[in-house]
Amino acid sequence: MTSPLLSTTDLTVRFGGHVAVDAVTCDFHPGQLTAIVGPNGAGKTTYFNLISGQIPASSGRVELRGQNISGQSVSQRTRAGIGRAFQLTSLFPNLSVLENIRLVVQSKAGQGFNLFSMASRHAELTDAAEAILKRVRMIDSRDQIVSELSHGDQRKLEVALLIALDPAVFMFDEPTAGMSVDEAPVVLDLIAELKDQSDRTVLLVEHKMDVIRTLADRIIVLHNGALAADGAPAEVMASDVVQEAYMGRGLEGILEDV
């Protein structure tokens, strides 16, 4: 197997006397989508926050491409290649959909993050932004103000912004939450496309079993902040440790209740 793109080693965070994430060691490889599952309070989102830098770890480390990034800020980790969808939510709610995407494209191209420098001569930036909007099926909304978008379109825009950022690691925390049955497949198709990029890895916190079955190459289970299971979906579902952790009900039953 290839070297891990992202790794956590003994990653731990304590809030007072409560250990929210407990010495989680895990490698994430290119071309792989890992679903991170467990009941409410298991530590899934906190683990995400530790990886992306929203909260500092009490101990342990995070590595990207073998480099320790544990001391880096959220923005430094983003520049290094950690992309989390909510970091970009409603980047500029009073600007249009196209302007939001174009700003990220411009910044990624090293031309600064300045709306006023984006004159009509930057046609290549607009073309790149429009290509992303076509990819997420939002080209017809290019001129709509972000704050006026439906919830589903805002979630699609999050994915579009993340694609524009072009990170090495894509992180999605319940990407279809609150979306209609008609809206969700677009986002799931986009995530499936991203995981097919052999030099990228995708992390997905998700409660919906149908989404996990469709997308996941691997499942890790967190229970009381600790890593309870790690492996192929069928293997994890059937593992004794998972059955015992969920008091005989099984992982699938727990997740479907959430």
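Read-outs: derived from the displayed coordinates by stated rules, not from any lab. Since the structure is predicted, the reported quantities are computational estimates derived from the model, not experimental observations. Methodologically, a virtual Cβ is constructed for each residue, glycine included, from the backbone with ideal geometry; neighbour enumeration extends over all protein chains shown.
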- Message: Let me understand the chain better: what is its radius of gyration from the alpha carbons, and its Dmax, in angstrom?
- Response: 18.8, 63
- With label points set 7 Å from each Cα along the Cα-to-Cβ direction at ASP240 and ARG79, the distance between them in nm comes to 5.0 nm
- Crossing angle, helix 184-195 versus the chain [Cα axis fit, 0-90 degrees, rounded to tens]: 80 degrees
- Task: Using a 10 angstrom cutoff on alpha carbons, build the Gaussian network for the chain and name the most mobile of GLY152, GLY60, GLY16.
- Result: GLY16
- Query: Among LYS156, LYS108, LYS195, which comes first, then next, by fewest other beta-carbon atoms within 10 Å?
  - Reply: LYS108, LYS195, LYS156
- Task: Note down the nm distance, to one decimal, between modelled labels 7 Å out along Cα→Cβ at THR214 and at VAL19.
- Result: 3.7 nm
